Amino acid sequence: MHTYFISDLHLTPERPNAIKAFTDFMTLKAHSAEKLYILGDLFEYWIGDDAASLIGAEPLLSMMRAASTHTDCYFIAGNRDFLVRDDFSNMTGFKILPDETVVDLYGTPTLLLHGDSLCTDDQKHQQFRTQMMTNNQFCDHFLSLPIPERIETAKQARMQSGEHKAGISMDIMDVTLEAVDQAFNDHHVSQMIHGHTHRQATHDHNGKTRYVLGDWDKTSSVITANANGIVIKNEKI
Ligand code: MN
């Protein structure tokens, strides 16, 4: 028995290779696992469950739904798709978990999170987290807007995010060791899995282990966990 973890596919009709790779993964591989966790940024952007068809997501949602009939499927939202709600869960059969969830992974308590909360040097992003992502009032209001207005706002936000990323150093975009230590301590775990930084790696933090999923651009990035341990693998897509 094994469990899969993936994140940061950033699916959009403009990235057909990633869509094809996700389709292959969901239809050919997912069923072999007892559990599948998607740790955020599955979609390049998500402006509401009622707008899924506008970004061409409906076939993907039904594929996810099919996978969820034989595999327990879970979703932790990322900073791109934090507006997924109950309808998304109903359409896909994926259970939405809060960011920073501890699961028992074959006997080892393991913290699962998207990972952007660990990038505490990126103050602009932390501001976005506080004021928008984790602000229910903001989210409820945004989701109540007419869809064309939401599309326009999301476009502007993505443009600003692009400018922001280009303008700051790559170090700031990575996690800080302080935030990682804090997360290990807060949740009393010695193992965590996250994505967001797109830097696939296995990091040792004084005997505690942090597994980082990569994105799905030139290669896929999949973590397979079983009773023997954890393996991260990428394959050309
Ligand atoms: Mn992210």
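The values are calculated or read from the model by the stated rules, or taken from the named source; none is laboratory data. Because the structure is predicted, anything quoted here is derived from the model rather than measured. Cβ placement follows ideal geometry from the backbone for every residue including glycine, while neighbour counts extend to all protein chains displayed.
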Q | Every residue from the range 212-222 that is at pLDDT 95 or above and either over 17 Å from the mean Cα position of the chain (by Cα) or more than 16 Å from the ligand (Cβ to nearest atom) (or both) | A | 219, 220, 222
Q) On the given criteria, is residue 5 over 27 Å from residue 150 (Cα atoms) and under 16 Å from the mean Cα position of the chain (by Cα)? A) yes
**Q.** Condition broken by residue 54, with the remaining ones in (1) of a type in the set (A, V, I, L, M, F, W, C); (2) away from the ligand (no atom under 16 Å from the Cβ); (3) at pLDDT 95 or above satisfied
**A.** (3)
Q | Residue selected from the range 67-93 under the condition small (Gly, Ala, Ser) and farther than 17 Å from residue 5 by Cβ, by the criterion farthest from the ligand (Cβ to nearest atom) | A | 93
Q: Could you run through the range 1-46 and say how many residues are within 16 Å of the ligand (Cβ to nearest atom), among the aliphatic types (A, V, I, L, M) and touching a residue at least 40 places away in the same chain (Cβ under 8 Å)?
A: 6
Q. Can you find a residue in the range 185-195 that is within 14 Å of the ligand (Cβ to nearest atom), touching an Asp or Glu at 6+ places or on another chain (Cβ under 8 Å) and either closer than 24 Å to residue 104 by Cα or at pLDDT 95 or above (or both)?
A. yes
Q) Out of all the residues in the range 145-184, which are modelled with pLDDT of 95 or more, within 30 Å of residue 204 (Cβ to Cβ) and hydrophobic (A, V, I, L, M, F, W, C)? A) 175, 177, 179, 180, 183, 184
**Q.** Number of the exception - residue 142 against (1) modelled with pLDDT under 95; (2) of a type in the set (Phe, Trp, Tyr); (3) away from the ligand (no atom under 14 Å from the Cβ)
**A.** (1)
